[in-house]
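The values are calculated or read from the model by the stated rules, or taken from the named source; none is laboratory data. Nothing here was measured: the structure is a model prediction, and the numbers come from that model. Glycine gets a Cβ as well: all are built from the backbone with ideal geometry, and neighbour counts include every protein chain shown. What goes into the accessible areas is simple: the full protein's heavy atoms, side chains included, and nothing from ligands, DNA or RNA. Shrake-Rupley method; radii C 1.70, N 1.55, O 1.52, S 1.80 Å.
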Amino acid sequence: MPINESSFKYEIEKLQGSRIKVNVEVDAKEREQSLERAYKNLVKRYQVPGFRKGYTPRPVLEKYLGSEAFEDEAIRIVARDILNMILKNEKLTPLQDPYFDLLPEGWKENENLKFSIVIEIPPEFKLGNYKGFSIKREKIEVSEEEVDRVIEQIELQLSKLNSVEDGSVEKGDVVYLEREKEDGTQLPPLWFTLNGQMLPDLEEKLIGMKVGEEKIIEVDFPEDFYEKEIAGQTLPLKWRVKKIWRYEKPDEETFLQKVNANSLEEFRERVKESIREERERLEKDRLFAEILDKILETTELDPPLSYVHYLAENILKEFLSELNKKGLNLEDYLAQRGINRDEFVNNVIEDARRRIKIEMILDKIAEVENIDVSEEEVENVIKEIAENEGKDYKEIRRELEREGTINTLKRNMLREKVREFLIKENVVEEE
């Protein structure tokens, strides 16, 4: 028989991370009935020598297992009963199994039982303002000079790199340089492209030098220079040109064939449109980020702690994997950034918390604004994926079902719809 609801009382305390702590006190008069229920459970699980399983008398079983085992079982039974009553009375739906904080001394005779239950629940939050921010969209422009630079880079990628035996360094060349300090210390050799990007002052002084020629040149190395031991320093070094390579660009006909264009004018327009599309994408990202910042300012939301920790673990695993690909470890990264491990972990947790808050806000806006994704829209996207990958639609559908990612696809489509909705409601065109 379950515990009588009038035999216990409880108080609810709010905790961080969408959790509550329920402090419970059970009347001492419930102890004996709970011990009897414990006996009925335990007698089915344990067999005492000389008795058939399930028929051991209570005094014998209690002596065999010990009074603490009976008390522990009684407490578990009562705690589970009370949890179910509280969930029903308070209309709570746990996000994961609740945690019972049971006192170690057990349930002593003639004493009330006290314990706590920590329950993680879906957060109820007040959605802040999400319309009418009047954020200005920046005008997207692409200059002819920018198109020229992109085409020049494409030309270089399609060019042959030829060794220069006679002649001197010219702008655009690739050079292999040896370096030496004033005290004779050799620095690692440097591969260097004279494109005006890394060390423009050095480039000017290298132009005109021949293979085998050396010259003392004072260089201001920027603070973010990749060689940390000389970054931020001004050093006079002896520079020696060991090799020179020069790009041989393709002729116009070959170039147009390789880029699949009928004319340079057509290709310029394609490049221009590509730059514009990329800038529009970045501008949309900027607008959306600004909108989210404003929504977060007025939205009271404490996301579930288990969700935060789960996402933080995944963020950390992905980050460490990327570091490993670059041949770095976490200690090196922390030293470069000047932060300790605790600060780094806290940053990861805050990043996870923000991401989850954003996801929950977007889902809430979708609910409030009746934004949804139809099955037809999902099917159309799957067909588009199949077409892009040159595969059969049914094959792609089976892959998504096998991997369990159709719901993820639908959720991503829904959030993209909400994103478009928020941009439409909050962005004004620049005059």
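Taking the Cα atoms of the range 225-289, the ratio Rg/Rh between the radius of gyration and the Kirkwood radius comes to 1.24. Within straight-line reach of LYS228, meaning a Cα separation under 20 Å, sit the following aspartates and glutamates at least 8 residues removed in sequence or on another chain: GLU178, GLU180, GLU182, ASP183, ASP201, GLU218, ASP220, GLU331, ASP332. Each label point was placed 7 Å from the Cα along the Cα-to-Cβ direction; for ASP148 and GLU350 their separation is 4.5 nm.
Checking the cross-link filter: which aspartates and glutamates have an alpha carbon closer than 20 Å to that of LYS391, excluding same-chain neighbours under 8 positions apart? Hits, sequence-local ones excluded: GLU376, GLU377, GLU379, GLU399, GLU401, GLU403. If you find the alpha carbon centre of the range 279-344 and of the range 142-162, how far apart are they in angstrom? About 35 Å separates the Cα centre of the range 279-344 from the one of the range 142-162.
Assuming R0 = 22 Å, can you tell me the calculated FRET efficiency for the pair ARG76 and GLN16, based on Cβ-Cβ distance, to the nearest 0.05? Intermediate values should be presented prior to the final figure.
Numbers: r = 27 Å, r/R0 = 1.25.
For ARG76 and GLN16, the calculated efficiency is 0.20.
The range 364-389 and the range 81-120 have their alpha-carbon centroids 43 Å apart. Once all protein chains are placed together, TYR55 keeps about 150 Å² accessible to a 1.4 angstrom probe. Across the chain, C-alpha contacts under 8 Å between residues 6 or more apart give a mean separation that, scaled by the residue count, equals a relative contact order of 17 percent. The charge dipole of the chain, taken about its Cα centre with unit charges on the Cβ of Lys, Arg, Asp and Glu (plus for the first two, minus for the last two), comes to roughly 2520 debye. Among THR299, LEU328, ILE315, pick out the residue whose Cα is farthest towards the positive end of the charge dipole of the range 266-364, where Lys and Arg carry +1 and Asp and Glu carry -1 on C-beta, about the Cα centre. Farthest towards the positive end: LEU328. The distance separating the Cα centre of the range 24-80 from that of the range 203-268 comes to 83 Å. Over the chain, dividing the summed -39,500 (n - 2.57) contributions of all DSSP H runs of at least 4 residues by the number of residues returns a 222 nm mean residue ellipticity of -16500 deg cm²/dmol.
In this rough spin-label picture, where each label sits 7 Å from Cα along the Cβ direction, the LYS126-ILE423 distance is 3.1 nm.
Return the carbon/sulfur percentage of the accessible area of the chain, one whole number, probe 1.4 Å, all protein chains in place. Before the final figure, lay out each step's value.
Values: 12510 of 27430 Å².
In the chain, the share of accessible area belonging to carbon and sulfur is 46 percent.
Going from the alpha-carbon gyration tensor of the range 42-126, what semi-axes, largest first and in whole Å, does one get by taking the root of 5 times each eigenvalue?
Values: eigenvalues 236, 45, 19 Å².
Value: 34, 15, 10 Å, ordered largest first.
Compute the signed sum of charges (Lys and Arg +1, Asp and Glu -1) over the other residues within less than 13 Å, Cβ to Cβ, of VAL78.
Values: positive: LYS29, ARG31, ARG37, ARG76, ARG80, LYS114; negative: GLU5, GLU25, ASP27, GLU30, GLU32, GLU36, GLU71, ASP72, GLU73, ASP81.
Once positives and negatives cancel, what remains is -4.
Restricting the calculation to alpha carbons of the chain gives Rg and Dmax of 34.9, 106 angstrom.
Potential lengthening of the chain between GLU265 and ARG58 amounts to 65.0 nm, from the contour at 0.36 nm per residue minus the alpha-carbon distance. Treating r as the C-beta distance of GLU290 and ASN162 and R0 as 60 Å, the FRET efficiency rounds to 0.75. Across all directions, the average projected area of the convex hull around the alpha carbons of the range 1-160 is 22.5 nm².
Ranked from the most accessible area to the least, with a 1.4 Å probe and all protein chains present, what is the order of GLU109, GLU144? Write out the running numbers ahead of the final one.
Numbers: GLU109 130, GLU144 85 Å².
If we order GLU109, GLU144 from most to least accessible, we get GLU109, GLU144.
Quick one: of the DSSP bridges fully inside the chain, what percent are antiparallel, nearest 5? Write down the numbers at each step before the final one.
Details: 46 of 49 bridges.
In the chain, approximately 95 percent of DSSP beta bridges are antiparallel ones.
For the range 334-431, the residue among ILE356, GLY390, PHE344 whose Cα projects farthest onto the positive side of the dipole built from Cβ charges is PHE344.
Ordered by packing density, taken as the mean number of other Cβ atoms within 10 Å over each peptide's residues, highest first, how do 320-331, 277-288 rank? It would help to have the intermediate numbers written out before the result.
Values: 320-331: 10.8, 277-288: 13.8.
So the order, starting with the most tightly packed, is 277-288, 320-331.
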